[in-house]
Amino acid sequence: KGIADKLFKTKQGFTEKIHEESKKDEPITDEYLDFIEELLIESDFGVKTTMKIMDAINEGIDSGSIRTRQDVEIKIREVILSILKQVEKPLEIKHKKFVILVVGINGSGKTTTIGKLASLNTDKGKKVMLVAADTFRAAAIEQLEEWAKRASASIVKQNEGADPAAVAFDGVSSGIARNYDVIFVDTAGRLHTQKNLMNEVIKIKKAVQKAYPEAPHEVLLVLDATIGQNAINQAREFNKALAISGIVLTKMDGTAKGGIIVAISEEFKIPIRYIGIGESLDDLKAFNARDFVESVFV
Ligand code: GDP
């Protein structure tokens, strides 16, 4: 599987510390519960999820089902798994002409993710088109072109500075007319002002709908797991503007604060489609709750 060795930072920063404590044959004290609560907050579980976990522990203590520190560890694992199970809904490309609008802040790993997904799909023999609607930076267009080449996908692009909605409209129209299986629309992610960015992605979504009324079939938000609670704010803004249908959480290999995946899941209940665990092609994994939990727990 290979995901456990990529998630070792979260294992070290979070579950190993819990495990060390639960190995001690000592009673559950207030200090111990404070330690657990602080660790959850530090690991980016967020206040809401931390409270949910602490409530479950306290209920268990009151009812007598939790007697030892080991029972606490088991309970934490159980609550996390049940939260993550709710968002384990892999992306299914159910039919041809499947249009995926990909959004996210610059640097989140949007282009890399599109490249990896393009490869996964061309490997299965699907005809894939990439639409370069991030026209703000020439480098973004070039980078997408590189990925298109590598994945043997087609690309629709215009020059830097072109109207992103016009590029999206042309790209999707052309992909639909030419009967492509999967069409990925890349979008800008510059965070000049959040309001401008949201207005722009809304325009792009409308252009996609104008080109093909049943599209987009998926609005995929790419989030960087290393930015902590900011990821929650980004998800909230994008979801308000676009109604996000799926999330990719990238750079899970680069953070000890893997709790963010649980915080996002509990807050939005939006399917986590994939997690990114590195920069290479096969470092994008379809999200599986049990694999994840088994990889980060000792
Ligand atoms: P964009 O600006 O959102 O299009 O971001 P890019 O796709 O250019 O990615 C920004 C940087 O993050 C690049 O150096 C990528 O290689 C890196 N990156 C993307 N996904 C992952 C991941 O899952 N793990 C790690 N470690 N790096 C990643």
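The values are calculated or read from the model by the stated rules, or taken from the named source; none is laboratory data. Please read all numbers here as calculations on a predicted model, not as lab measurements. All Cβ positions, even for glycine, are placed from backbone atoms using ideal geometry, and neighbour counts span all protein chains on display. Heavy atoms of the whole protein, side chains included, go into the accessibility calculation; ligands, DNA and RNA do not. Shrake-Rupley method; radii C 1.70, N 1.55, O 1.52, S 1.80 Å.
Somewhere in segment 211-225, is a residue closer than 30 Å to V72 by Cβ and either touching a residue at least 24 places away in the same chain (Cβ under 8 Å) or more than 16 Å from the chain's Cα centre (by Cα) (or both)? Can you show your working first?
Going through segment 211-225, the residues closer than 30 Å to V72 by Cβ turn out to be 223, 225.
Right, trim to either touching a residue at least 24 places away in the same chain (Cβ under 8 Å) or more than 16 Å from the chain's Cα centre (by Cα) (or both) and you get 223, 225.
Checking segment 211-225: at least one residue is closer than 30 Å to V72 by Cβ and either touching a residue at least 24 places away in the same chain (Cβ under 8 Å) or more than 16 Å from the chain's Cα centre (by Cα) (or both).
From the list G125, G161, which one is in contact (Cβ under 8 Å) with a residue 12 or more places away in the chain and either at positive phi or touching a Phe, Trp or Tyr at 6+ places or on another chain (Cβ under 6 Å) (or both)?
Numbers: G125 fails: in contact (Cβ under 8 Å) with a residue 12 or more places away in the chain.
Checking each option against the conditions leaves just G161.
Mind checking which residues of segment 90-125 are in contact with a helix residue (DSSP H, G or I) (Cβ under 9 Å, 6 or more places away or on another chain), away from the ligand (no atom under 16 Å from the Cβ) and either part of a loop (DSSP other than H, G, I, E, B) or among the aliphatic types (A, V, I, L, M) (or both)?
Hits for segment 90-125 are L91, I93, K97, V99.
When L130 is evaluated against the numbered criteria (1) within 16 Å of the ligand (Cβ to nearest atom); (2) under 30 Å from F297 (Cβ atoms); (3) not hydroxyl-bearing (S, T, Y), which criterion, by number, is the only one it fails?
L130 satisfies every listed condition except (2).
Quick one: is D170 of a type in the set (D, E), under 21 Å from K96 (Cβ atoms) and surrounded by fewer than 24 Cβ atoms within 10 Å (Cβ to Cβ)? Spell out the reasoning first.
On the way: of a type in the set (D, E): yes; under 21 Å from K96 (Cβ atoms): yes; surrounded by fewer than 24 Cβ atoms within 10 Å (Cβ to Cβ): yes.
Judged against the criteria, D170 is a match.
When you scan segment 227-270, how many residues do you find that are surrounded by fewer than 19 Cβ atoms within 10 Å (Cβ to Cβ) and within 21 Å of K116 (Cα to Cα)?
The qualifying residues number 1.
Applying the selection to segment 271-288, what residues are open to solvent by less than 10 Å² (accessible area, probe 1.4 Å) and either more than 22 Å from E92 (Cα to Cα) or within 13 Å of the ligand (Cβ to nearest atom) (or both)?
Result: I275, G276, I277, F287.
Looking at S82 and the list (1) of a type in the set (S, T, Y); (2) crowded, with 17+ Cβ neighbours inside 10 Å; (3) closer than 21 Å to I247 by Cβ, which single condition is not satisfied?
Just one mismatch for S82, condition (2).
Output the qualifying pairs, or none if there are none: Cβ atoms under 7 angstrom, residues six or more apart or on different chains, first residue in segment 248-259 and closer than 18 Å to L39 by Cβ, second residue open to solvent by 40 Å² or more (accessible area, probe 1.4 Å) and more than 9 Å from the ligand (Cβ to nearest atom).
What qualifies is T255/K9; A256/K9; A256/Q12.
So, T50, is that one part of a helix (DSSP H, G or I) and within 16 Å of the ligand (Cβ to nearest atom) or not? Walk me through how you get there before you give the answer.
Details: part of a helix (DSSP H, G or I): yes; within 16 Å of the ligand (Cβ to nearest atom): no.
No; evaluated as a whole, the condition is false for this residue.
(1) farther than 19 Å from D283 by Cα; (2) of a type in the set (S, T, N, Q); (3) touching a strand residue (DSSP E or B) at 6+ places or on another chain (Cβ under 9 Å): which one isn't true of N159, the others all being true?
N159 satisfies every listed condition except (3).
If you take the residues of segment 251-270 that are basic (K, R) and more than 13 Å from the ligand (Cβ to nearest atom), which of them is modelled with the highest pLDDT? Walk me through it before giving the result.
Step one: filter segment 251-270 for residues basic (K, R), giving 251, 257, 269.
From what is left, the residues that are more than 13 Å from the ligand (Cβ to nearest atom) are 257, 269.
Working: K257: 92, K269: 98.
If we take residues in segment 251-270 being basic (K, R) and more than 13 Å from the ligand (Cβ to nearest atom), then K269 is modelled with the highest pLDDT.
Out of L223, L191, which single residue is farther than 19 Å from A132 by Cβ, within 16 Å of the ligand (Cβ to nearest atom) and exposed (fewer than 15 other Cβ atoms within 10 Å of the Cβ)? Break it down into steps so the answer makes sense when it comes.
Working: L223 fails: exposed (fewer than 15 other Cβ atoms within 10 Å of the Cβ).
Of the residues listed, the single one that is farther than 19 Å from A132 by Cβ, within 16 Å of the ligand (Cβ to nearest atom) and exposed (fewer than 15 other Cβ atoms within 10 Å of the Cβ) is L191.
Quick one: in segment 26-49, which of the residues that are acidic (D, E) and in contact (Cβ under 8 Å) with a residue 40 or more places away in the chain is least open to solvent (accessible area, probe 1.4 Å)?
First pass over segment 26-49, keeping only residues acidic (D, E): 26, 30-31, 34, 37-38, 42, 44.
Still in the list and also in contact (Cβ under 8 Å) with a residue 40 or more places away in the chain: 26, 42, 44.
On the way: E26: 98, E42: 103, D44: 18 Å².
Among those residues, the one meeting the criterion is D44.
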